[in-house]
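No lab work stands behind these numbers, since they all come straight from the coordinates. Everything numeric in this text was worked out from a predicted model, so none of it was measured. Using ideal geometry, Cβ is built from the backbone for each residue, glycine included, and neighbour counts are taken over all protein chains shown.
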Amino acid sequence: MTQTGPFNPQTARRHRVGRVWSALFLGAIIIAIIALGALLYNIIDESFGLAAIENRVDPDSLAIEGVPLEDLSKEQLTEILAAHVSAGLLRRFENDQPFAERDRASVYALVLERVVEPQIQATWSLTDSLFRREQVLTEAAEKYPQAKVEFRSWLTPTFLRMPQSSKPELAGVRTAVLGSLWTIFITIALAFPIGVGAAIYLEEYAADNLVNRIIQTNINNLAGVPSIIYGMLGLAIFVRGLEPLTSGAMLGVVDATTANGRTVLSAGLTLALLILPLLIINAQEAIKAVSNSLREASYGLGATRWQTIWYHVLPNALPGILTGTILAISRAIGETAPLVVVGASAFVALDPSGPFSKFTTLPIQIYQWTTRPQDQYRSLAAAAILVLLVLLLSLNATAVLLRNRYSRSV
Amino acid sequence: MGISLSHTFQPATEHNGCAVEARGLEVHYGPFRAVKDTSIKVEARKITAFIGPSGCGKSTVLRVFNRMNDLIPTARVTGEVLFEGQNIYAPDVDAVEVRRRVGMVFQKPNPFPKSIYENVAWGARINGFRGNMDELVEQTLRHAALWDEVKDKLQQNALALSGGQQQRLCIARAIAIQPDIVLMDEPASALDPIATLRIEELMRTLAEEYTIIVVTHNMQQAARVSDYTAFFMVDEERAGYLVEYGATREIFTNPKDKRTEDYITGRFG
């Protein structure tokens, strides 16, 4: 089309510039996808693969009258255990929990751990296991002639069920998962109401004056403070300062002489502090996004400020507030640094039973495992990362479901 | 309809057909004077139209009557607004109670994102309505000429209605709490001509029971629907003020002020 007058539209050039930019944006997305893919590949590669396993005692030799080990009764298993371990060790098991009270699964686990004692000599990555299977098998046969080479998934139901253990073959993430869940529960229970309350105050009540502007600026800045600083704060205030409360000694829940403040409660409080600014800012944005015409309609009918907030502002802001909460949970569940400072235990074999328990969390557990030199722990860490990802995704899914339900009903 | 609500206002004694009166009204937004020295007596059970060019403060004056300007932190109202003999800006008067008696309909239809039923019932409920709610909702919707269109879908979300229906629902919502005065801020400006016509018809019926003050940019609408017209102008400092106020027929056929004449004949504005 011919252009007339004092115009030089340069349409072709303008379109070209647009195409260059869109290609750049596409490139950014592709890089992001590649990075994410590489991460997932790495984790999955470590979580599954061939492993050379050597048993101290061949389980087949433990079969009684042709009945394989895994089908034996509790009594038979107890006998096997008694025959293979020292009397002192047996007494210790009895002291932990009398055999009469143990169920079959618990005795079976003991037999596996103490008698069969499977030991993983080497592991191979999933890629090697699939594409270099022959080489791996010959290599294993040369180096570990006694070992049985089998395909092993590190992410198994047993891995989820078992507590932490010093033997990588038997170690699981149950204590860490429960620790994470307890911590997150306390964090959300504290941070959600406080955060939303603060956001309502700042958006709906606070006058635009110097004090409130300083508060607002501080909240924005706190959202960017490195999390380890919050760990220091938690250590000083919750673990040390409020020790009688956070250890449970004040409430008489635990023995005052052994009580210390390094508990689930301290961790929950610290993480609550950490995500509070995020929650407040997100909730404020959500409240701001509620259209003013809705507020005017409410006031115009003779509603008080509180009625307007409760019946109109909050229900309409809730989807946005829940989205903010999703982000905050994701942040909190992945936090490691502040919990290390607050005193997450490196090795906890007992499930946390309440807010005053010693604890560990999944990220801490992963961190512990990755610092070990043996290959097996690397695979454990990879499997634990998968568990963490699934936990994170299911928590987020819950929040998304909640959000969708609320946004439909308002 | 037999509703008794406690309120701080004196019972109507002598207001000679005047529903609300502003005396020496000035409105400031921070340092900016938006409305200067305006006095006006609004007749009861009539429709009064506020017309004038954009930015002349007519919406601001409208919002003075139910203390809607209180919601703007920087707004400051001076002068007196007498409703049933009492200044609604006196320190002991609660704006919440004023708004129960002086309802409002906004420019853009803004029903609550709830059911149609709940839109009408909510205002009554929070104001302590003790009668039969179903009856109130039906009566109000009939009043607002909306009943036949929505009677089968009272539980549906109000946002599913058309724009015109939404605005009539907003009017229903406003009259459900049985106010004395209904303020309308350009109620039809977001609607098509047919929906506009229906709103105007509705205003005429409602004027039998309620005092209506309507801000409009549409001169024909003011001429068609109102009994009285107030013409506002804006001075060099952008402060709005009342130029002329009288019976609509007078204003449109025989304006006393040259500026009014210029405006309604379309010579400026």
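Which of B:50, B:106, B:83 has the fewest other C-beta atoms within 10 Å, and how do the rest follow up to the most?
On the way: B:50 29, B:106 20, B:83 25.
Fewest-to-most ranking of B:50, B:106, B:83: B:106, B:83, B:50.
Got a sec to turn the phi values of segment A:30-44 into Karplus ³J(HN,Hα) couplings, 6.51 cos²θ - 1.76 cosθ + 1.60 with θ = phi - 60°, whole Hz, x for Gly and Pro?
For segment A:30-44, the Karplus-derived couplings read 5, 4, 4, 5, 4, 4, 5, x, 4, 4, 4, 4, 4, 5, 5 Hz, x marking Gly and Pro.
Quick one: which residues, 5+ away or cross-chain, put their amide H under 5 Å from the amide H of residue B:43? H built at 1.01 Å from N.
Residues meeting the amide H criterion: B:19.
Once phi is turned into ³J(HN,Hα) by the Karplus curve 6.51 cos²θ - 1.76 cosθ + 1.60 with θ = phi - 60°, what whole-Hz value does each residue of segment A:314-331 show in order, with x for glycine and proline?
Whole-Hz 3J(HN,Hα) from phi for segment A:314-331: 5, x, 7, 8, 4, x, x, 5, 5, 4, x, 5, 4, 4, 5, 4, 4, 5.
Have a look at A:268, A:324, A:18 and tell me which one the Gaussian network model of chain A (Cα, springs below 10 Å) gives the largest fluctuation.
Between A:268, A:324, A:18, it is A:18 that shows the largest mean-square fluctuation.
Can you tell me the relative contact order of segment A:174-409? Whole percent, Cα pairs under 8 Å, sequence separation 6 or more.
On the way: 317 pairs, mean separation 68.5, N = 236.
Relative contact order for segment A:174-409 comes out at 29 percent.
Please report Rg (one decimal) and Dmax (integer) in Å for the Cα set of segment B:18-264.
For segment B:18-264, the Cα-based Rg and Dmax read 18.0, 54 Å.
Please list 3J(HN,Hα) in residue order for segment A:106-112, calculated via the Karplus relation 6.51 cos²θ - 1.76 cosθ + 1.60 where θ = phi - 60°; whole Hz, with x for glycine and proline.
3J(HN,Hα) across segment A:106-112, in whole Hz: 5, 5, 4, 4, 5, 4, 4.
List the relative contact order of chain B as a percent without decimals, with contacts defined as Cα pairs under 8 Å and 6+ residues apart.
Numbers: 515 pairs, mean separation 69.6, N = 269.
Reported as a whole number, the value is 26 percent.
For residue A:302, list long-range residues whose amide hydrogen, built 1.01 Å from N in the peptide plane, is under 5 Å from its own amide hydrogen.
none
Calculate how many DSSP beta bridges within the protein assembly as shown are antiparallel, expressed in % of all such bridges and rounded to the nearest 5.
Percent antiparallel among DSSP bridges in the protein assembly as shown is about 70.
Straight-line reach from residue B:258: which lysines have a Cα under 29 Å away, not including same-chain ones fewer than 8 places off?
Candidates past the 8-residue exclusion: B:36, B:41, B:46, B:58.
Calculate for chain A the 222 nm mean residue ellipticity that helices alone would give, adding -39,500 (n - 2.57) per DSSP H run of length 4 or more and normalising by residue count, nearest 500 deg cm²/dmol. Kindly include the intermediate steps, with their values, before the conclusion.
On the way: 18 runs with 248 residues, N = 410.
Taking each H run of at least 4 residues, the total per residue is -19500 deg cm²/dmol.
For segment A:47-153, give the magnitude of the charge dipole about the Cα centre (Cβ charges: +1 Lys/Arg, -1 Asp/Glu; no others), in debye to the nearest 20. Spell out each step's value before the answer.
Values: 12 positive and 19 negative charges, 60 e Å.
Roughly 280 debye for segment A:47-153.
Under the classification rounded if a/c is under 1.5, otherwise prolate if a/b is larger than b/c and oblate if not, where does segment A:331-385 fall, given a ≥ b ≥ c as square roots of the Cα gyration tensor eigenvalues? Show your work: numbers first, answer last.
Values: a/c = 2.02, a/b = 1.57, b/c = 1.29.
Verdict is prolate for segment A:331-385.
Per DSSP helix of 4 or more residues, -39500 (n - 2.57); summed, then divided by the residues of chain B. What does that give at 222 nm, rounded to the nearest 500? Walk me through the numbers on the way to the answer.
On the way: 10 runs with 87 residues, N = 269.
Value at 222 nm, helices only, nearest 500: -9000 deg cm²/dmol.
Quote the charge dipole size of chain A about the Cα centre in Debye, to the nearest 20; the model charges only the Cβ of Lys and Arg (+1) and of Asp and Glu (-1).
On the way: 32 positive and 32 negative charges, 394 e Å.
Rounded to the nearest 20 debye, it is 1900 debye.
Using the crude model of +1 on Lys and Arg Cβ and -1 on Asp and Glu Cβ, and no other charge, please compute the dipole size for segment B:179-244 relative to its Cα centre, in debye to 20. Don't skip to the end; give the middle numbers.
Values: 4 positive and 13 negative charges, 46 e Å.
It works out to roughly 220 debye.
Would you list, by chain and number, the lysines whose Cα falls below 30 Å from the Cα of residue A:358, excluding same-chain residues fewer than 8 positions away?
Result set, ordered by chain and number: A:167.
Along the charge dipole of the protein assembly as shown, Cβ charges K/R +1 and D/E -1, which of A:276, A:253, A:10 sits furthest on the positive end?
The residue sitting most towards the positive pole is A:10.
Using a Gaussian network model on chain A with a 10 Å cutoff between Cα atoms, which of A:307, A:374, A:146 fluctuates the most?
Comparing A:307, A:374, A:146 in a Gaussian network model of chain A, the most mobile one is A:307.
FRET efficiency for residue B:86 and residue A:304, Cβ-Cβ distance as r, R0 = 22 Å, nearest 0.05?
Working: r = 21 Å, r/R0 = 0.93.
The calculated FRET efficiency here is 0.60.
Could you work out the relative contact order of segment A:247-338? I mean the mean sequence separation of Cα pairs under 8 Å and 6+ apart, divided by the number of residues, in percent. Display every interim value, and only then the final one.
Working: 55 pairs, mean separation 29.9, N = 92.
So the answer I get is 32 percent.
Considering only A:186, A:225, A:361, whose Cα is most displaced toward the positive end of the charge dipole of segment A:174-409, charges sitting on Cβ of Lys, Arg (+1) and Asp, Glu (-1)?
Selected residue: A:361.
Could you tell me what percent of the DSSP beta bridges with both partners in chain B are antiparallel, to the nearest 5? Please report the intermediate quantities before stating the final value.
Numbers: 26 of 44 bridges.
Of those bridges, close to 60 percent are antiparallel.
Quick one: in segment A:174-409, what % of C-alpha pairs are over 27 Å apart? Intermediate results must be reported in sequence, preceding the final value.
On the way: 11873 of 27730 pairs.
Result for the distance tail: 43 percent.
List the residues, sorted by chain then number, that are 5 or more residues from residue A:122 or on another chain and whose placed amide H is less than 5 Å from its amide H.
Excluding prolines and chain starts, which carry no amide H, the hits are A:52.
Tell me, what is the FRET efficiency for residue A:54 and residue A:156 to the nearest 0.05, using R0 = 25 angstrom and their Cβ-Cβ distance as r? Intermediate results must be reported in sequence, preceding the final value.
Values: r = 19 Å, r/R0 = 0.77.
The value I calculate is 0.85.
Would you mind counting up the charge near residue B:243? Only other residues with Cβ under 9 Å from its Cβ, with Lys and Arg at +1 and Asp and Glu at -1.
Numbers: positive: B:259; negative: B:244, B:257.
Summing Lys and Arg as +1 and Asp and Glu as -1 gives -1.
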